[in-house]
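Report on the structure given below.
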């Protein structure tokens, strides 16, 4: 019987085994599907089928600084924290990150499926999908490459900082526009790591107040206007109170207006300006991405 691509694909979907393993199993069984499944199970390569219903809620958010101007994040899920900490699982995450390096079609955060990473080939020659299927078989847990993120600037025009918190529970990228080079670039990278740490700890929604949607600003104004009015304040006082509370809202949710966690005498914005003056180069925080293990896609921080 001819071993067609459709037959191989069907077997892979049933078992989760790698494409080459499925092809070999079908050849060994003369094209018989049940015989091929039995062949894979005997070899321990059909574990993925048994794990399909398991929840992959643990794992790691791994980071990679490809160059001073390009940074990557990957959320790779598994079932238990024990497997997440093993060297093979960590190595799988690192190898998948390597395939994303330089992929200009990825900007910001997105689902791995949307980025078409699963079909990319690793240094071993295997596709990401096949490497994951083999890891499922060897580690005995469901493994899912869920999200990937990339921030990059043209060399000489920007730098990227990375930070991974709590052993891989949270990963952050921060991109800055700057012309820094040499020793100055080292200072900027150190600053960006601190800013990334801020993003990990405080979880801002926006980089600067100008990014807050107008309808959100108006909603906050209305809420605070009603609260102040209920307190019996005169109209001119109400407006001052509204503006004050709106500034507090910006300070809570806009990165550059947040109090810097390592030195409360600075906001993040003032810290950046201070460091730019010290280094003698312009530094402008452009955007950030924050991935937290297990959060829904809508909860991912990106600005």
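The values are calculated or read from the model by the stated rules, or taken from the named source; none is laboratory data. This structure is a prediction, so every number in the text was calculated from the model and none was measured. With ideal geometry, Cβ positions are generated from the backbone for all residues, glycine too; neighbour counts draw on all protein chains shown.
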Got at least one residue in segment 289-296 being in the same structural domain as residue 85 (by TED's automatic domain parsing), without any contact (Cβ under 8 Å) to a residue 60 or more places away in the chain and closer than 26 Å to residue 75 by Cα? yes
Could you tell me whether any residue of segment 144-151 is modelled with pLDDT of 90 or more, surrounded by fewer than 21 Cβ atoms within 10 Å (Cβ to Cβ) and farther than 30 Å from residue 14 by Cα? no
Does any residue of segment 128-142 turn out to be in a strand (DSSP E or B) and in contact (Cβ under 8 Å) with a residue 40 or more places away in the chain? no
For segment 80-113, which residues satisfy the criterion of being in a helix (DSSP H, G or I), in contact (Cβ under 8 Å) with a residue 40 or more places away in the chain and more than 22 Å from residue 301 (Cβ to Cβ)? 83, 88, 89, 92
Just one listed residue, out of 154, 116, 177, is over 19 Å from residue 59 (Cβ atoms) and either in a strand (DSSP E or B) or touching a strand residue (DSSP E or B) at 6+ places or on another chain (Cβ under 9 Å) (or both), and it is 177
Give 83, 112, 144 a once-over and let me know the one that is assigned by TED's automatic domain parsing to the domain that holds residue 289 and touching a helix residue (DSSP H, G or I) at 6+ places or on another chain (Cβ under 7 Å). 83
